[in-house]
Amino acid sequence: MRKLIYIYLAVTVVLALLLSQSVAAQSKIELLKAKALWFNSNNGAGLSLDRMTDFNNLSINYRLKSGDFKRVFEGERERVAGVSTEGGLNLGGGYVWGQFGFNNEKQIGTLYNTTMLDPTRGNPYYAVDKNLSDWVKQDYNLQMKASSKPLWDMILLGIEAQYVTKTGAKQIDPRSETDFYTLEVKPALVATFGNHAAGLNLVYKKINQESSTTNSNNQQNQDVFVMKGLGNFYSAVVGGLQSLKKFIYNGNKIGGGFQYSFAGESFNLLFDGSYSFMVEDVISDQTKPKKEGTIKEDNYGAKLQFVTNGDNVSKAELSYSDNKISGIEYVQVLDNTFDIQRWVTMYKSIRSTFSQKDLSIKYDYFRGDGDDYKWRTGLSAAYSNSDDLYILPESYRRLEDLNFGINGKANFKFGKKSGLLAGLSFNYKNNLNKAYVYGGAEADSHIITQYMTPEFQYLGRSYYKIGGELTFYSAVSKNGSSMLYVKAAVDYYNPLENSDNRVVTNLGVGFNF
């Protein structure tokens, strides 16, 4: 795998150096992507309609998080080192785009996460323990989009694909090793009618995760707790004859989308609607598979983008999503018949439901400077509402939030080949409503008092975030087509109550070709 990564990076750099007409400055790439409506949709076939220029980027990044304003399963300190490449190219009358990223992450001082690389991904069936531990993780992300040249002067064919693989290990007993991957494919087509265009796309996604647990000290078993949603759990152990078995997650998602765009003299707009349905099964013990649970997920989404043409660019975006998850649990008995030896399902039912609704609006303005900008500013607002229920014994968690943001960035140029991008941002999250009630029999358990309740308190807190960034760039070629840049950014999170905080620092160096 690593040899393939190094070959990919080398080929990317060589190809990028051969493209002398590509966009160079980081600010130019920002503006290019902001104006590309189809690029920011679910339909890759429409890329050719965006009329994007060639661009290429190679960057090395380092991110450090520290502070105690965090979720329970996050680290007191976290560091991520990564490398990424990205590029777009006009090819044979069509357009192709791709990116690759690799990250190495270490989390220091995590709690209540035994097996999950991403505990927030929406599956309620996973194991936790109360031992303070570090995590070491790696991930690879490969993504591409391609659009054909117009066929019969009106049809565009395209595809988008993404492959993500992650691996990680918990460092303290009970230890775990987890492997995760997803493969998503979106074939698409677009038909054009003068200034109008309509598109369709399909979606298929495969999800797989395997998590195994062990102890380094075989003389001492470790207690773990298998979560089922909103604090409900059953106890298990790692070690001995009854040790927790390997957890295997298998999911499949299908869906589709519809797009409509209009290209006028002074503005362009694009509507993108989508729907997907996913089923993910969780089993333990490969030799005698036992069903731990199943989730069924329905997701509806819609996004409307509007952008003006001209030297100065205004862009507005309105988006909505509605995500509903049903958690299914099973009553099973073990058939010990000599030639059968399997778990038999006697009954199954929906025991939990999870609902998440989000509505957001964004506006950005770019003060033009040819194919670059002198300065930019933006406003955003978002409303979110989550309503989660465990049916019996009845438990629920409800959260309602408003988020507001403002940002700005100025592009100071020093001659024709150097410059400095300086940006500031401010975000405020205001919690409107929150409630968590656990109705089970283990209200005094540390799962409730040390895990679920602190999680709820974090999610329900209001806070503000102040961010700043500086990016210095300079040409490294005579014609200015290749740029070296160095970037530093800091985000400071501070809740309105208590004295805890969180600081996220990003450092990077890269090349734009």
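Overview of values
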item	result
At 1.567 mPa s and 4 °C, Stokes D of segment 58-178 from Kirkwood alpha-carbon radius, µm² per second	77 µm²/s
Cα centroid separation, segment 438-488 to segment 128-205 (Å)	22 Å
Sulfur and carbon atoms: percent of accessible area, the chain [1.4 Å]	57 percent
Long pairs among LYS70/LYS170; LYS296/LYS362; LYS70/LYS166; LYS315/LYS357, criterion Cα-Cα beyond 27 Å	LYS296/LYS362
Two-site label geometry, LYS324 and ASN403: point separation in nm, points 7 Å out along Cα→Cβ	2.4 nm
Angle in degrees between helix 26-35 and the longest Cα principal axis of the chain, rounded to the nearest 10	80 degrees
Cα long-axis angle, helix 2-18 against the chain (0 to 90 degrees, to the nearest 10)	10 degrees
Tail fraction, Cα-Cα pairs, segment 267-402, threshold 19 Å, whole percent	68 percent
For segment 207-246: rounded, prolate or oblate by the Cα gyration tensor [a/c cutoff 1.5]	oblate
At R0 = 56 Å, FRET efficiency that the Cβ-Cβ distance of ILE466 and ASN336 yields, to 0.05	0.35
Semi-axis lengths (Å, descending) of the ellipsoid that matches the C-alpha gyration tensor of segment 331-405	53, 20, 7
Kirkwood Rh (inverse of mean 1/r, distinct Cα pairs), segment 212-277, angstrom	17.1 Å
For segment 25-46 and segment 368-425, distance of Cα centres in Å	17 Å
Positive-end residue, the chain charge dipole about Cα centroid, Cβ charges, pick of THR345, TYR275, VAL331	TYR275
Dipole magnitude of segment 372-508 about its Cα centre (Cβ charges: Lys, Arg +1; Asp, Glu -1), debye to nearest 20	1380 debye
D (Stokes-Einstein, µm²/s), Kirkwood Cα radius, segment 360-497, 1.002 mPa s at 20 °C	115 µm²/s
Rounded FRET efficiency, nearest 0.05, which uses the C-beta distance separating ASP118 from SER216 and R0 of 25 Å	0.55
Solvent-free Debye scattering, log10 I(q)/I(0), computed from the Cα coordinates of segment 42-106 at q = 0.14, 0.15, 0.16, 0.24 Å⁻¹	-0.62, -0.66, -0.69, -0.97
Dipole moment magnitude, nearest 20 debye, segment 46-205 about Cα centre, only Lys, Arg, Asp, Glu C-beta charged	140 debye
Paramagnetic reach from LYS33 in segment 155-169 [backbone N under 19 Å; point 7 Å along Cα→Cβ]	160-164
Segment 80-117 and segment 247-279: distance between their alpha carbon centers, rounded to Å	22 Å
Inter-label distance, nm, simple model (7 Å from Cα along the C-beta direction), TYR347/TYR458	3.6 nm
Options GLY415, GLY101, THR453, ranked by Cα towards positive dipole end of the chain, top entry (Cβ charges)	GLY415
Whether segment 430-505 is rounded, prolate or oblate, judged on the alpha carbon gyration tensor where a/c under 1.5 counts as rounded	prolate
Kirkwood Rh and Cα Rg combined as Rg over Rh, evaluated for the chain	0.98
Estimated inter-spin distance, THR449 and SER266, nm [label 7 Å along Cα→Cβ]	6.6 nm
Length released on extending from GLU442 to TYR492, taking residue separation times 0.36 nm less the Cα-Cα span	14.3 nm
Extent along principal axes [Cα atoms of segment 134-233; Å; largest to smallest]	73, 29, 17
Two-decimal log10 I(q)/I(0) for segment 273-316, as the Debye equation yields it once each C-alpha is a single scatterer, q = 0.24 Å⁻¹	-0.85
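The values are calculated or read from the model by the stated rules, or taken from the named source; none is laboratory data. All of these numbers come straight from a predicted model, not from anything done at the bench. Methodologically, a virtual Cβ is constructed for each residue, glycine included, from the backbone with ideal geometry; neighbour enumeration extends over all protein chains shown. Remember, those area values only see protein heavy atoms, side chains included, never the ligands or the DNA or RNA. Shrake-Rupley method; radii C 1.70, N 1.55, O 1.52, S 1.80 Å.
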